[in-house]
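Bear in mind these aren't lab numbers, they're just calculated from the coordinates by the rules spelled out. These figures come from a predicted structure and were not determined experimentally. Every residue, glycine as well, gets a Cβ built from its backbone with ideal geometry; the counts of neighbours run over all protein chains shown.
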Amino acid sequence: MIVREAWAFRARVEREAAFRFARLAEEISAFDPDSPVPAMMRKAAEDERRHLALCEELAGGPVEGIAGSDRIAPRSLGPREAALYETVAACCITETESVATVTSLLSEDALPRVREVLHEIARDEVSHSRMGWAHLAREAGELEVGFLSRWLPSMLAGAAGSAFEPFEAEMDSPELLRHGVLPISRKRSTFVHTLREVVFPGLEQFGISTDAARAWLSERSPAAGGAGLR
Amino acid sequence: MLFKKLFKLLVVGGAILGGATGCAAKAAGAEKKAAAPDAGTAADGGAASKDTGGGASGW
Ligand SMILES: [Fe+2]
Ligand SMILES: [Fe+2]
């Protein structure tokens, strides 16, 4: 049950990402026509539609809807800043986390079909994360990107979903690994380590302060633990 | 170890794909930059305090 629900949720995540990347490709090419990023985003939108079908297969059937909301940028931002906000949230944070999650799953003994699916997805997620860092690198030369600092906690909250909430014991079963799902305690530690060792240093490299983001994370995971068993 | 590799593969690799003009400019500190409209000066005044952002759902 947990396994099917997890893959169904992923199917919605993939659909949400497909919509977002297709839209961002158009938005970014409007103000940065020489950027290689829009082509990467269009390719990513196609990848996500393929991932959607793979996730539906492992969920046991068709899945409707999207996981969150398509547009996530604060309304006060101008179009260029909003596109940067979404790209950082979706690619630099969420896709980077996806790479770490899938890599972590692939280091375990999953069922053969699950393994095949994870392999296919892992290959694509690497370029989805990179296109975010590519766009941020370009924009850091054009805009004052430090405005993103104060929005990082909102981005993290959306990416974490229910990961730090209390959980049922079955959500932490090592048996989940065979089905391509991380037990919740492992999911949390992967999420936290990826932020502290990849995402935060990456953002800081572009002069974006991560103080608020680090405070947000410390509140939720004093020792990378978070809330315990329900 | 894994995370160090991910940093190089994703962050460094991505910045290079972007053309790295941003990085180089940043390091030099010489590029002229436009201020982001969100430097606390939202056009809709009072609504700005209620302005919220979200995140992208992930696996
Ligand atoms: Fe995907
Ligand atoms: Fe992706």
| said: For a quick check, take a GNM of chain A with Cα springs below 10 Å and name the residue from A:Leu182, A:Leu111, A:Leu152 with the largest mean-square fluctuation. | reply: A:Leu111
| Counting alpha carbon pairs within less than 8 Å and at least 6 residues apart, what relative contact order, in whole percent, applies to chain A? | 22
| said: Given a Förster distance of 22 Å, report the FRET efficiency between A:Arg123 and A:Arg23 from their Cβ-Cβ distance, rounded to the nearest 0.05. | reply: 0.40
| field | Over 32 Å [Cα-Cα, the protein assembly as shown], rounded percent | value | 21
| Calculated P(r) tail over 21 Å for segment A:72-230, as whole % of Cα pairs | 48
| request: List, in order, the whole-Hz ³J(HN,Hα) value for each residue of segment A:61-74 obtained from phi through the Karplus relation with A = 6.51, B = -1.76, C = 1.60 and θ = phi - 60°; use x for Gly and Pro. | output: x, x, 10, 9, x, 10, 6, x, 10, 5, 9, 10, 6, x
| message | Among A:Leu77, A:Leu195, A:Leu203, which one shows the highest mean-square fluctuation when chain A is modelled as a Gaussian network with alpha-carbon springs under 10 Å? | response | A:Leu77
| said: What does the extension gain come out to for A:Ser209 and A:Asp70, with contour length at 0.36 nm per residue minus their alpha carbon separation? | reply: 47.4 nm
| message | On a 26 Å Cα-Cα criterion, which of the cross-link pairs B:Lys8/B:Lys50; A:Lys43/B:Lys8; A:Lys187/B:Lys4; A:Lys187/B:Lys50 come out too long? | response | B:Lys8/B:Lys50; A:Lys187/B:Lys50
| If we restrict to alpha carbons, what Rg and Dmax does segment A:33-105 come to, in Å? | 14.6, 42
| remark: Between A:Glu144 and A:His179, Cβ-based FRET efficiency (R0 30 Å, step 0.05) works out to 0.10
| message | Restricting to DSSP loop positions (anything but H, G, I, E, B) with no more than 11 other Cβ atoms inside 10 Å of their own Cβ, which GluC sites (Glu not before Pro) remain in segment A:50-105? | response | A:Glu64
